[in-house]
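Q: I have a structure here, written as structure tokens, and I will follow up with some questions on it.
The values are calculated or read from the model by the stated rules, or taken from the named source; none is laboratory data. All values reported here derive from a predicted model rather than from experimental measurement. Cβ placement follows ideal geometry from the backbone for every residue including glycine, while neighbour counts extend to all protein chains displayed. Side chains are part of the model used for accessible areas, which takes the heavy atoms of the whole protein and leaves out ligands, DNA and RNA. Shrake-Rupley method; radii C 1.70, N 1.55, O 1.52, S 1.80 Å.
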Amino acid sequence: MANIALIIAGGVGVRMHQDIPKQFLSVNDKPIIVYTMECFQNHPDIDAIYVSCLKGWEDILKAYAKQFNITKLEKIVKGGKNGQDSIRNGVYAIAEKYNDEDLILVHDAIRPMLPADVISNNIVTCKKQGNAITVIPCMEAMLRSEDEIESDESILRNQLFRAQTPQTISVGTAVSLHKDALNRGITNSVATCTLLLELGRKVYFAKGSELNIKITTTDDITIFKALLSMQKSSWMK
């Protein structure tokens, strides 16, 4: 059974307010997406890497992969107009080569500090349960608001979990899931977990990490740089 990482790098990064898409921004002379690919490159259970890439950046990504010795990069596919499109393009490309029972780990290109044990737990959970959604418990007080200005309702935080990536599913299930979604007119589901839920499937939790940050704003870049200063720590190995 093969395990394939599908990195979603089709976004333009509007919230970062930069001319360069955030997944291609360099931090300490290395693009963010390279850090992300290295997490899978260095994991012994990952057999191949596919990337759904923003149009016009494919050759740049190939050059980065060569420069930083990402030998597991097997294919770059065209990103879509939204996350669901990009994931589907990657899933269909993977299905052309791999078997139905092989696993796809769908991961955000802008989560560059993915611990190895999170990858491992995704694989184990998916084999046992049929899918694996990386989550962490919600630690903060949670308030519901209709207008983003005020609130009169709190939500019990012990009932809430924050979804991260990777989100893992078999090749065969992923293909049928995306075909079913298109047939039902579901075209803008934001992640594999939301697509599963919208189609009436149950999702199963895999262990996440607070270190598995998503780089969305310039503040996240600052946090990322601070974490990189701890690069020799055991969790990065």
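Q: May I ask you to verify whether residue 227 is open to solvent by 20 Å² or more (accessible area, probe 1.4 Å), in contact (Cβ under 8 Å) with a residue 12 or more places away in the chain and within 23 Å of residue 121 (Cβ to Cβ)?
A: Spelling it out, residue 227 is indeed open to solvent by 20 Å² or more (accessible area, probe 1.4 Å), in contact (Cβ under 8 Å) with a residue 12 or more places away in the chain and within 23 Å of residue 121 (Cβ to Cβ).
Q: Is it true that residue 98 is open to solvent by 10 Å² or more (accessible area, probe 1.4 Å), in contact with a strand residue (DSSP E or B) (Cβ under 7 Å, 6 or more places away or on another chain), within 29 Å of residue 128 (Cα to Cα) and not in a strand (DSSP E or B)?
A: Taking the combined requirement at face value, the residue satisfies it.
Q: I've got another one for you. With (1) open to solvent by 50 Å² or more (accessible area, probe 1.4 Å); (2) part of a loop (DSSP other than H, G, I, E, B); (3) β-branched (Val, Ile, Thr) as the list, and residue 215 as the residue in question, which single condition is left unmet?
A: Condition (1) is where residue 215 drops out.
Q: Right, something else. Within the stretch 23-38, which residues are open to solvent by less than 10 Å² (accessible area, probe 1.4 Å) and among the hydrophobic types (A, V, I, L, M, F, W, C)?
A: The answer is 24, 27, 32, 33, 34, 37.
Q: Being of a type outside the set (S, T, N, Q), within 19 Å of the chain's Cα centre (by Cα), at pLDDT 95 or above and under 24 Å from residue 99 (Cα atoms) narrows it down to one of 182, 195, 199, so name that one.
A: 195 is the lone residue from the list that is of a type outside the set (S, T, N, Q), within 19 Å of the chain's Cα centre (by Cα), at pLDDT 95 or above and under 24 Å from residue 99 (Cα atoms).
Q: Turning to a different aspect of this structure: When residue 41 is evaluated against the numbered criteria (1) within 25 Å of residue 92 (Cβ to Cβ); (2) surrounded by fewer than 21 Cβ atoms within 10 Å (Cβ to Cβ); (3) at pLDDT below 95; (4) not aliphatic (A, V, I, L, M), which criterion, by number, is the only one it fails?
A: (3)
Q: Residues of the stretch 174-199 being out of contact with any strand residue (DSSP E or B) (no Cβ under 8 Å at 6 or more places or on another chain) and either basic (Lys, Arg) or not in a helix (DSSP H, G or I) (or both), which ones?
A: Result: 179, 184, 185, 186, 187, 188, 189, 190, 199.
Q: Something else: Return the residue satisfying two criteria in turn: it lies in the stretch 144-169 and is of a type in the set (Gly, Ala, Ser) and part of a strand (DSSP E or B), and of such residues it is modelled with the lowest pLDDT.
A: So, considering only residues that are of a type in the set (Gly, Ala, Ser) and part of a strand (DSSP E or B), the one modelled with the lowest pLDDT is 154.
Q: Among the small types (Gly, Ala, Ser), surrounded by fewer than 17 Cβ atoms within 10 Å (Cβ to Cβ) and over 23 Å from residue 139 (Cβ atoms): is that true of residue 170 in this structure?
A: For residue 170, the condition - among the small types (Gly, Ala, Ser), surrounded by fewer than 17 Cβ atoms within 10 Å (Cβ to Cβ) and over 23 Å from residue 139 (Cβ atoms) - is not met.
Q: Test residue 124 against the criterion of being in a helix (DSSP H, G or I) and either in contact with a strand residue (DSSP E or B) (Cβ under 8 Å, 6 or more places away or on another chain) or farther than 17 Å from residue 7 by Cβ (or both), and give yes or no.
A: Against the criterion (in a helix (DSSP H, G or I) and either in contact with a strand residue (DSSP E or B) (Cβ under 8 Å, 6 or more places away or on another chain) or farther than 17 Å from residue 7 by Cβ (or both)), residue 124 qualifies.
Q: Just wondering, is there one or more residues in the stretch 73-89 that are touching a residue at least 24 places away in the same chain (Cβ under 8 Å), open to solvent by less than 10 Å² (accessible area, probe 1.4 Å), part of a helix (DSSP H, G or I) and polar (S, T, N, Q)?
A: So far as the stretch 73-89 goes, yes, one or more of its residues are touching a residue at least 24 places away in the same chain (Cβ under 8 Å), open to solvent by less than 10 Å² (accessible area, probe 1.4 Å), part of a helix (DSSP H, G or I) and polar (S, T, N, Q).
Q: In the stretch 129-162, how many are in contact (Cβ under 8 Å) with a residue 40 or more places away in the chain and either closer than 15 Å to residue 209 by Cβ or open to solvent by 60 Å² or more (accessible area, probe 1.4 Å) (or both)?
A: 8
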